[in-house]
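Written out below as structure tokens is the structure these notes cover.
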Amino acid sequence: MTRLHVNIDHVATLRQARGTKYPDPVMAAGLVELAGADGVTVHLREDRRHICDRDVKLLRSVLQTALNLEMAATEEMTEIAVDMRPDIVTLVPERREELTTEGGLDVVKAADAIQRTADAVRSHGIRLSLFINPDVEAIEAAAKLGVADTVELHTGAYCDADDEDLRRSQLLTLKQAAKKAEEVGFRVAAGHGLHYGNVGPVAAIPAVEELNIGHAIVARAVLVGLEAAVRDMIERIRGARA
Ligand code: PXP
């Protein structure tokens, strides 16, 4: 069965927008687990625009499922990963100005940095995943490097396809990449841009063991929870003069 890891970065985005203590991604992670998710994913960015060090630390101590830490292969993040001991480190490319992770890792170009981070985290028993584009060259480069047990295939091109033909061809690309990755010995994850309307065909790809989904779930939570939140506030307001 395909596992779901829920990315809760955007709970922290909302907190950071007002500099409050809430909503707390650590509390959100508890609900994510109660709902049956197999793990929680957070991206600790260099600029700490959403998830902060304190979140990763608390998540490490309270989570009962897997903690997947997405990060860039930098010295600072490597030290944090070694200190926090997530179950999985997923290496992603990171640019300060991007809204979200834009593409997969250039495994060849980033080989030295990946190798350094891999040596450090793997020596502490942390599993390593590389976030790559769903193409054969990237998979072969990742296999050649030989440091990761998992690749996470970037589903952005499939999710962004705005006509049916393109979506079909991007899905085929994902299927072929997943098969190739499995054949060369990787565990295969996938994610980025998946939502309620497009997740089905990706979840059905036999080689894909795990999906990382964030934005769509947090966005839906705002809408499915809004009615109860308004009712709760009305109750307080009306109750104030009772
Ligand atoms: N996987 C990786 C490696 C990511 O960087 C992200 C975004 O942080 C996701 C999955 C989740 O993407 P989304 O928020 O679009 O579901």
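The values are calculated or read from the model by the stated rules, or taken from the named source; none is laboratory data. Just so you know, these numbers come straight off a predicted model, no measurement behind them. Using ideal geometry, Cβ is built from the backbone for each residue, glycine included, and neighbour counts are taken over all protein chains shown. Calculation scope for accessible area: heavy atoms of the full protein, side chains included, ligands and nucleic acids excluded. Shrake-Rupley method; radii C 1.70, N 1.55, O 1.52, S 1.80 Å.
Which count do you get for residues in segment 5-27 that are closer than 15 Å to Ile217 by Cα, surrounded by fewer than 20 Cβ atoms within 10 Å (Cβ to Cβ) and among the aliphatic types (A, V, I, L, M)?
Looking only at that region, the number is 1.
Specify the residue that is farthest from the ligand (Cβ to nearest atom); the eligible residues are those in segment 65-79 that are part of a helix (DSSP H, G or I) and surrounded by 18 or more Cβ atoms within 10 Å (Cβ to Cβ).
Looking only at segment 65-79, we keep the residues that are part of a helix (DSSP H, G or I), and these are 75-79.
Then keep just the ones that are surrounded by 18 or more Cβ atoms within 10 Å (Cβ to Cβ); that gives 77-78.
Working: Met77: 14, Thr78: 17 Å.
Ranking the qualifying residues of segment 65-79, first place goes to Thr78.
Just a yes or no: is a residue in segment 171-178 open to solvent by less than 40 Å² (accessible area, probe 1.4 Å), touching a Lys or Arg at 6+ places or on another chain (Cβ under 6 Å) and small (Gly, Ala, Ser)? Full working, then the answer.
Kept after step one, since they are open to solvent by less than 40 Å² (accessible area, probe 1.4 Å), are these residues of segment 171-178: 171, 174, 177-178.
Imposing the further condition that a residue be touching a Lys or Arg at 6+ places or on another chain (Cβ under 6 Å) reduces the set to none.
No, there is no match, as no residue in segment 171-178 is open to solvent by less than 40 Å² (accessible area, probe 1.4 Å), touching a Lys or Arg at 6+ places or on another chain (Cβ under 6 Å) and small (Gly, Ala, Ser).
Within segment 39-47, does at least one residue satisfy the condition of being open to solvent by 30 Å² or more (accessible area, probe 1.4 Å) and closer than 20 Å to Thr74 by Cα? Write out each step before concluding.
To start, the set of residues in segment 39-47 that are open to solvent by 30 Å² or more (accessible area, probe 1.4 Å) comprises 46-47.
Okay, now just the ones that are also closer than 20 Å to Thr74 by Cα, so 46-47.
Within segment 39-47 (the criterion being open to solvent by 30 Å² or more (accessible area, probe 1.4 Å) and closer than 20 Å to Thr74 by Cα), the answer is yes, since at least one residue qualifies.
Consider only pairs whose beta carbons are under 7 Å apart and that are at least six residues apart or on different chains; among these, list those whose first residue lies in segment 181-193 and is farther than 15 Å from Ala141 by Cβ and open to solvent by 50 Å² or more (accessible area, probe 1.4 Å) and whose second residue is at pLDDT 95 or above and away from the ligand (no atom under 15 Å from the Cβ).
What qualifies is Glu182/Ala207; Arg187/Asp149.
Just checking, how many residues over segment 47-73 are within 16 Å of Pro93 (Cβ to Cβ) and touching a strand residue (DSSP E or B) at 6+ places or on another chain (Cβ under 9 Å)?
5
Counting just the residues of segment 1-22 that are part of a loop (DSSP other than H, G, I, E, B) and of a type outside the set (A, V, I, L, M, F, W, C), which one comes out nearest to the ligand (Cβ to nearest atom)?
Step one: list which residues in segment 1-22 are part of a loop (DSSP other than H, G, I, E, B), which gives 1-2, 8, 19-22.
Now narrow it down to the ones that are of a type outside the set (A, V, I, L, M, F, W, C): 2, 19-22.
Working: Thr2: 14, Gly19: 22, Thr20: 22, Lys21: 23, Tyr22: 21 Å.
For segment 1-22, the residue satisfying everything is Thr2.
Filter segment 200-231 down to residues that are over 24 Å from Ala12 (Cα atoms), touching a strand residue (DSSP E or B) at 6+ places or on another chain (Cβ under 7 Å) and in a helix (DSSP H, G or I) and give me whichever is nearest to the ligand (Cβ to nearest atom).
Val202
Would you tally the residues in segment 112-125 being over 22 Å from Thr100 (Cα atoms) and open to solvent by 10 Å² or more (accessible area, probe 1.4 Å)?
Total meeting the criteria: 9.
Of all the residues that make up segment 48-64, how many are under 19 Å from Val121 (Cβ atoms) and either within 13 Å of the chain's Cα centre (by Cα) or part of a loop (DSSP other than H, G, I, E, B) (or both)?
2
Determine if segment 34-43 includes at least one residue that is part of a helix (DSSP H, G or I), aliphatic (A, V, I, L, M) and modelled with pLDDT of 95 or more.
For segment 34-43, residues part of a helix (DSSP H, G or I), aliphatic (A, V, I, L, M) and modelled with pLDDT of 95 or more: present.
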